[in-house]
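One structure is given below, encoded as structure tokens.
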Amino acid sequence: MGVTRRRFTIRASVANGIDHAFFAFSALAAAWFAYLLLVEGARRGWQSGLLVVFWLFVAYLLLPRLHRILTQIYVPGYFIGRARTADGRLGDPVNLAFRGREQQVHRAMREGGWTRADDLDLRSGMRIVTSTLRRRSDTGAPVSPLVLFGRQQDFAYEREVDGSPSQRHHVRFWRCPDGWKLPGGFAVDWLAAGTYDRSVGLSTFTLQITHKIARDTDVERDFVLATVTGADPSVTVNVIEDFSTGYHARNGGGDAIETDGDLPVVDLSTVDAPPDPVAPPADGRIRLPAPTAFGAGVAVLRALGILIAVVLVVVAPDLVADTVTHAGADLTTRDVEAAARGSALVLAVYGLVDLVLAVAVLRGSNLARLVLMTLCAVATVTAFASDVGGDQPITLTHLPTVGVNILVILALSSPRSRAYATPAVNPSAAPRSSRAARYRP
């Protein structure tokens, strides 16, 4: 067993190194692609619309990846009284603690006039964008995820201000791990971060559209306390004074924040609430993460496009030839037909390999994930070498091909994609084909 475990540890270490290499490579490749988008978008005419694509790519893909790399180096991994953003930056201060069961928390917040925020997904995310643009109220709008104890908030509550979609009170809750205690030995069941959204703007650190919070987070902390204790006088509050040194800092969006460092502990044990529901037994399966679905989905679409092109070459070679010659190529129709037929087999094999790998990635194959990223990385390096060497400069027509390869690497090298495809670090765990052997992030 000791030899097996050692071999497994070595394999896990090698796989970890490979993943870190792809993670770093994806950042470099994304920076190069952002440069290409900027160069093409800086031209006059309709191509200037690429500047919007440049902003979206930089704000939502490149900068978060760079932050993830840097924060792994300098941000502490232990509790320091701050939540973290999804890409590792220090977020809002943890300024509230609660004792009580989950149903008691829900009852106290509802009685205090709070509405539970929806979980953030594609539908709710689009809803908050449209409500903000239309300036319409959305009382259950989701809040952005922040991380504590290595996971996103368990739930959040909010209160709108005068029906405004850009201003609201909100507080995120994290359940404390069993047996975990605050520094100083204080035992609590929940930690929370209450902040006030004052407007909508761009994040200073990522340029993403986000809510900007008010500087004095103690005001929001005290507002949460007032609403909860005002609704139920039996609720008691004990304050851990100077729990942290009072400080001025910035949160993950670059907003200035300040706090006096006190931590109120709210005791909800007297709140009349039904018992917590019994959680169903975990089935060990992991839901398909969005990055894996996106990366493999892009590869599937690329494969289908290639296979459709092959079918067109075989079924209607004259149509392909006419299209190429009309585009201005200095070739005869016969030359184009011969070249197309000659490359059809190669394209068909490439498309089928792409499709098989993408389907295997969706099913959780780590080998397929690594092979697909390798193929995309080789194609990216080849395009970069041709561009730098002047053999085939990257132009507007080449951007989609280059961009697809980089998008696939960015998605499949993400921590969530890796967790979905990597077996648990346990040589005695279930076989690779079983989802029960996979780590749940």
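Rule-based calculations on the coordinates, nothing more; no lab input. No experiment lies behind these values; they were computed from the predicted model shown. Here the Cβ positions follow ideal geometry from the backbone for every residue, glycine too, while neighbour counts run over all protein chains shown.
Where does the charge balance sit around residue 67 when Lys and Arg score +1, Asp and Glu -1, over other residues with C-beta under 11 Å from its C-beta?
Values: positive: 65, 68, 84, 89; negative: 87.
Taking every other residue near residue 67 into account, the sum is +3.
A full extension of the chain between residue 272 and residue 232 corresponds to an added length of 13.4 nm, given 0.36 nm per residue minus the alpha carbon distance.
So for 174, 55, 180, 46, fewest C-beta neighbours within 10 Å to most, what's the order? Before the final figure, lay out each step's value.
Working: 174 20, 55 17, 180 13, 46 7.
Starting with the residue having the fewest Cβ neighbours, the order is 46, 180, 55, 174.
Cβ crowding within 10 Å, taken as a proxy for footprinting-reagent exposure, orders 158, 241, 40, 258 from fewest neighbours to most as 241, 258, 40, 158. One chain, two ends: residue 219 and residue 290. Fully extended at 0.36 nm per residue, the span grows by 21.9 nm beyond their Cα-Cα distance. Between the alpha-carbon centres of the range 149-174 and the range 245-259 there is a gap of 18 Å.
The order of 376, 176, going from fewest to most other C-beta atoms within 10 Å of their C-beta, is 176, 376. Each residue, residue 371 and residue 110, gets one label point 7 Å from its Cα in the Cβ direction; the gap between the two is 5.2 nm.
Computed over the range 80-267, relative contact order equals 24 percent, with contacts defined as Cα pairs under 8 Å that lie 6+ residues apart.
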